[in-house]
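In what follows, a structure is listed as structure tokens, so that the remarks can point back to it.
Only the coordinates and a few stated rules stand behind these numbers; no lab work does. What you see is a predicted model; the values in this text were computed from it and never measured. Neighbour counts are summed over all protein chains in view; Cβ atoms, including those assigned to glycine, are modelled from backbone coordinates with ideal geometry.
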Amino acid sequence: MKRSLSSIIILIFLCLFSSCKSKSPKYVELELNQLQHQFYYFSDNNFYKIDKPDLAPNVLAKPWTEAVRITSAGTAKNTGFALVNQTGILTFREAKPELHCDSTIFNQNTTENLVFYEGTPVFSVYKSSFFNNTIDKAVFHPFLVQFNPEQNLFFPIINIENLFLERNSQVTDFIWDGQFWTCCIKNSSHEKIDFSYITFQIKTPLLSITPQNANNELFVTETSMDSYRKAKNINDITKAPDRIKELLKTVPDSVPYMCKVYTTSSHSPRTYISSKSNAESADFKATAILSDTWACAIFEDGTTFFNGALYDRQILNGGKTLAMKMPKLPQGFIYTDFAISGTNLYIGWEERDFYQTKRSGFLSVDLSSVLYKNGTVK
């Protein structure tokens, strides 16, 4: 029987505390209480409070590309953002979640790949031809979209046509390294489905581009599947940033895990795997964010590592790592991507069944209460 990562971490803590009688342990373990967190679930283009995820109303299982769920999240300029598939974008400001919708952008579109350009959220939309038969009916075919946090409005940046692609082509994935955008293109027709790959650079600032002028502002070239895979390269954890290695150093080498690492206000994430793992065999998956003052990683079972200082607050635990357990989810539920805004953590959850998703929502956690009122400021 496979143990959860949190049970493995508990064993690590026991070893640390029992073997360090004469000196302080490297990790402090914290556990949330009921007053420090709140669950929410998605329904009818909105979100609602719930005591526990399994109390949310049942919904039909849908493929992950079609289900309402948080597909990616991140932090920029001390504000958290989370893409809600086929619905909109959540903003987390001053401990107040808000959901902003736009039916022309999100209706029956898969929304993924949240990145930030000068602090502005940018993401991609597409239709999955396997599960979505509305491609031919679409009036326009957006690819890259920005969300303006000041106006709470969405603006298309690049449409499929700007990349000189056929009408039924979809950009199903991209990797942006800060300079080059490397894209996987799914080409659909009545006879067959095939894939191609392109790379493009932008001649002017990204946010000045619209579908009306994009044809003149993009330098598009064909590339290969190998180049795409290289851009999407998954590296060994030993090649991760030093702060990530420090954050996760007590996870045993024998534990097969994968960690997707974002930096605040930045490009596509980088993915790292443990030395005893590979992309197909990683039993435990985590998402991590590096900011200027803090680093945080959260595994699917809620095992959480944190070090540094929250916005405008003191450094915690003398700069050493803290570990927390998010509230335990029912069987079949997992935690997904997260964001931190001020002193509040927001993390997606979903009920997953193989490639399908049922109920979904997010958890908010008052980190100020958890971290700064538990004697961890040193």
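When only the Cβ of Lys, Arg, Asp and Glu is charged (+1, +1, -1, -1), the dipole of the stretch 337-376 relative to its Cα centre reaches about 80 debye. Kirkwood analysis of the stretch 257-378, using all unique Cα-Cα pairs, places the hydrodynamic radius at 15.3 Å.
Relative to the current alpha-carbon distance between Lys239 and Met225, full extension at 0.36 nm per residue lengthens the span by 2.7 nm. About the centre of its Cα atoms, the chain shows a dipole size close to 1260 debye [charges on the beta carbon of Lys, Arg (+1) and Asp, Glu (-1) only; nearest 20 debye]. Relative to the longest principal axis of the Cα atoms of the chain, the long axis of helix 5-19 lies at roughly 30 degrees. Among (1) 30.0, 113; (2) 20.9, 62; (3) 21.0, 71, which one is Rg and Dmax of the Cα atoms in Å computed from these coordinates? Here the calculated entry is (3). Normalised radius of gyration (Cα atoms, divided by 2.2 N^0.38 Å) for the stretch 147-234: 1.16. Near the amide H of Ser169, within less than 5 Å, lie the amide hydrogens of Ser188, all on another chain or at least 5 residues away, with H placed in the peptide plane.
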